[in-house]
Amino acid sequence: MNMYRQALDSLRPIVAAIVVTAGAFALFVAASGYPAVEALMLVGKGAFGSGFAWQNTLSRAAPIMFTALCVAVPARAGMVIIGGEGALALGGLAAAMVGVWWASRPVVMVLAGMALAAWVTGGLWIGISGWLRYRRGVNETISSLLLAYIGQAVFNFLVEGWLRDPASLNKPSTAPLDSRDMIGNIPGMEVHWGLAWGVLACLAAWWLLRHTVFGFAIDIVGGNPRAAKMTGLPVGRLMLAASVLGGGFAGLAGMFEVAAVQGCANADLMAGYGYQGILVSFAARHHPLGVIAGAILIGGLGASNSLLQRHLDLPDAAAQVLQGLLFVSLLAFETLNRRGGRHA
Amino acid sequence: MDGRLPDHAASLMPDGPLSIQAIEISKRFGDIHALDQVSLQVDAASFHCLLGENGAGKSTLVKCLAGFYRQDGGSFLLAGREQDIRSPRDAHKLGIGMVYQHFTVASGMTVAENLMLARDDLPWLLNLAREHQALQSFMADMSFRLDLSARVADLSAGEKQKLEILKQLYQKRRLLILDEPTSVLTPAEADEVLGMLHQLTRQRKLTVLMITHKFREVTAYADAVTVLRRGRLAGTGRLPETGTDEMASMMMGNPENRPVQTGPERTIPAKAQSMNLAAERLIIRGLHGSNDRGVPAVTDLDLVVRSGEMIGVAGVSGNGQKELVEILLGQRDASAGEILVDGLPYRATRHEMRLHGVYSLPEEPLRNACVSSMTVAENMALRNFDQVPVTAGWKTGWFLSRRRMVARSRSLIAEFGVRPPDPMLPIDGLSGGNVQRAVLARELGQPVNLLIVANPVFGLDFAAAAAIHQRLQMAREAGAAILLVSEDLDELLALTDRLVVMSAGRIVHAVATADADPVAIGHHMAGGHA
Ligand SMILES: Nc1ncnc2c1ncn2[C@@H]1O[C@H](COP(=O)(O)OP(=O)(O)OP(=O)(O)O)[C@@H](O)[C@H]1O
Ligand SMILES: [Mg+2]
């Protein structure tokens, strides 16, 4: 009984934020001289209005689930990591390379190798931030953001240089995967298997945090590092572990983009999923199950973007305005909720 | 509100002290009746004390009055007029101010800046010169002073609490509510602060409503008391007619109804020679450590604690005790020196804590020893969530059994009398004293060899304080070595076997408690050794 009330209580600020965002977006659209009501309807329609819209939404939601976990897991240990985009790019690149080098091996092995390579690369990349925090006290938010830029630059450097497939003419890419190694769609849908794996990853992360000794230790570290130290927990090492784990998830996002969508690593990997994951994780209060819902919501906004552009000729930036508004009002309502609630 | 400068110099409280009447106030938190039709009458210009056991509902009542909570039923009359207090801002407008046990001052700023910024009607632009002038004349009126240009970070606990009170007075409060304001103060500091407030009530400038657990303060300053018990009004009385025994029985209710908690009988400590033979549990050699600002706080400290012995560390707060405890707890790194437990180097790892049975009861348990976002059961599992009774499944040690976690906390809650006895409550929903009990239960829930304790009965009612003292003595009888850091000299004199005095980060005096001379100790505490 209490649990339901709690769940409802935690939904309230989210609903309020969505309503306020819709209102503010309508105002913004109207002020720019476009029909506001129609724009809102188009957002709804483009995201969830048809079978096709749903499929588009869900395809976008899949990588966001992974990148949101890259924020959520370290956040449970008290770290704000915002560099998922870099881990996604490098993880995707590593996966693409394994896919090319192992092309002659059995499919299962290729995919497992790609996943492992992506996981390790992403984990190490975000792990650098965790390590800098643990060893040097460097703020992990800043370092992860800088590392995201570095990661993207390294990605571009490699993809445009050493790892470039000479056949990719106007869009530098790595050599394409063998079509046999591509991840297909979930039967009956135009959505690739990455969605199912994303949901599975969220469930696994939830289970890990909720039911394992490691997860509980992470929650103590994030909840009060002083209490963690007083009970002798290795605070630094747990933070490092959480960041490596989170980075692994972002790496997997890259792997699925490569193996299910692009077929190779190129600049299209960096479509902003890493940043959308930040939004989703905060909206979900870093709860892995909330991440599933949040990713679908944000995936929907992305999906409706093209409809907005096509029908209303709204500029590309409108979608970003919408996302930004949502993020700000989620944070605002979250803070308000805490203030009004139990404290002092 | 406009941004005009209040003319503090003219008169402190132009509107005079407020009287309050609370009529049948009720407040529930979920299933808990924190307040059940509680009425309260505080006369204008009186010094009124609110008493009650831990969890009686005292803080809840004053938070309703100060606008932090909204009562579910009942109403408040201020100066005879019914007032609807919906927010702290409303309360401020009515002239109600509140001071907490914890500080809310901004520590990076100066005293003057803290005083200026406290105003609700802070204008967009400050006329600094005029503000300073107003502050200076305000300070001149006060019987206790603070250096306006001092940085808050450099103030002692007592001075910070004074600043909290000055902040309220500067805003011309007509009613000042204080929730256990003296628990972080030494008795002398407490007297200075309360004496000044008392004087203001005598001058009919202020009404004071104070929550306290200290009868000494009640008998010294209060005009009247109201006693709560388990969310109900248990009685009222005027002073000096009402004696402390009478107040105590109002607080505790019918003696048959409650578990017997015998007071701490002073047990005769083990004889000196057998103590010398006892194992040296904790050895500290040449310990150095810095405070948060990097200034040395602990300097070349040596100390030995033997098993079956309780050593008291006395001293005025801010002389390195906090840093010493933090180093021993593993919350702060030492810059030099060594710590040995059972003869082995000790780095406060989980493994070492378990191997040597090192546990602790730090001060401010919510800040130092609890995760406030977790439940009571989870907090009680902080020590053993990774051990066999709480872990389960394939390869014990990997998976949590929340069921067993809750079951274990139920039995600890029963054994240590935590109220309300609900393991699923968030820990920060418990009253201060019950948080303390929950932590104590966790730390003493297994055999203990070395116990590090800091100000263990801050904010506890006398029965709870006696119960904790008794637990400490039991642990000592069972052979534990105990290091008790306390700012309460009486507590140390009553409990410990040996006493050391800490001043400016060093131990400046050591004496067997039986031979201790409070005057000499006071002299050393005040730095008179130099
Ligand atoms: N925010 C809250 N949520 C849930 N329960 C609460 C909350 N605040 C107080 N309670 C409960 O209400 C009761 C009264 O608490 P309160 O803090 O008023 O006690 P108190 O008399 O101030 O005790 P203490 O002397 O220990 O500070 C307790 O049982 C406490 O657990
Ligand atoms: Mg209280």
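Please treat every number below as a calculation from the coordinates, not as lab data. As the structure is a prediction and not an experimental result, all values here were calculated from the model. Backbone-built Cβ (ideal geometry, glycine too); neighbour counts: all protein chains shown.
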By per-residue mean of other Cβ atoms within 10 Å, what is the highest-first order of B:129-140, B:298-309? B:298-309, B:129-140
Give me B:SER183, A:SER143 sorted ascending by neighbouring Cβ count inside 10 Å, so fewest comes first. A:SER143, B:SER183
Inter-site label distance for B:ALA220 and A:ALA167 at 7 Å from Cα along Cβ, in nm: 8.9 nm
Backbone HN-Hα couplings from phi across the range B:297-312 [Karplus 6.51/-1.76/1.60, Hz, Gly and Pro as x]: 10, 10, 10, 6, 9, 10, 7, 10, 10, 9, 5, x, 10, 10, 9, x
For A:THR141 and A:GLU160, compute 0.36 nm times the residue count separating them, minus their Cα-Cα distance, and round to one decimal in nm. 4.0 nm
Within 10 Å of each residue's Cβ, count the other Cβ atoms and sort A:SER144, B:SER486, B:SER409, A:SER168 from fewest upward. A:SER168, B:SER486, B:SER409, A:SER144
Given B:198-208, B:162-172, A:244-254, the highest-first ranking by average Cβ count within 10 Å works out to A:244-254, B:162-172, B:198-208
Can you give me the angle between helix B:402-416 and the longest principal axis of chain B, using Cα atoms only, in degrees from 0 to 90, rounded to the nearest 10? 80 degrees
If you place +1 on the Cβ of every Lys and Arg and -1 on the Cβ of every Asp and Glu, how big does the dipole about the Cα centre of the range B:366-446 come out, in debye to the nearest 20? 180 debye
For B:GLY235, other-chain or 5+-apart residues with amide H closer than 5 Å (H placed, Pro excluded) are B:VAL227
Under the rule of at least 5 residues apart or a separate chain, name every residue whose amide H is placed under 5 Å from the amide H of B:ALA314. B:VAL500, B:VAL501, B:MET502
Fewest first, what order do B:VAL99, A:VAL321 take by the number of other Cβ atoms within 10 Å? A:VAL321, B:VAL99
Using +1 at the Cβ of each Lys and Arg and -1 at the Cβ of each Asp and Glu in the range A:193-344, identify which of A:ALA204, A:MET270, A:PRO315 lies farthest towards the dipole's positive end. A:ALA204
Expressed in nanometres to one decimal, the distance between label points 7 Å along Cα→Cβ at A:SER306 and A:THR335 is 3.7 nm
Table column - 3J(HN,Hα) (Hz), the range B:228-243, Karplus curve with 6.51, -1.76, 1.60, x for Gly and Pro: 10, 9, 6, x, 10, 6, 9, x, 9, x, 9, 10, x, 4, 7, x
Counting only residues 5 or more apart in sequence or on a different chain, those whose built amide H sits under 5 Å from that of A:THR212 are B:LEU400
Where Rh is the Kirkwood radius over Cα pairs, Rg/Rh for the protein assembly as shown: 1.02
Place +1 on the Cβ of every Lys and Arg and -1 on the Cβ of every Asp and Glu in the protein assembly as shown, take the dipole about the Cα centre, and give the residue among A:VAL235, B:SER249, B:SER87 whose Cα lies farthest towards its positive end. A:VAL235
Please turn the phi angles of the range A:20-30 into ³J(HN,Hα) values with the Karplus equation 6.51 cos²θ - 1.76 cosθ + 1.60 (θ = phi - 60°), one per residue in order, whole Hz, x for glycine and proline. 4, 4, 4, x, 5, 5, 4, 4, 4, 5, 4
Would you tell me the mean number of C-beta atoms belonging to other protein chains that fall within 10 Å of each C-beta in B:365-377, as a whole number? 4
Evaluate E = 1/(1 + (r/R0)^6) for B:TRP398 and B:GLU280, where r is the Cβ-Cβ distance and R0 equals 35 Å; express this FRET efficiency to the nearest 0.05. 0.40
Based on Cβ point charges of +1 for Lys and Arg and -1 for Asp and Glu, what charge dipole magnitude is obtained for chain B about its Cα centre, in debye rounded to the nearest 20? 1220 debye
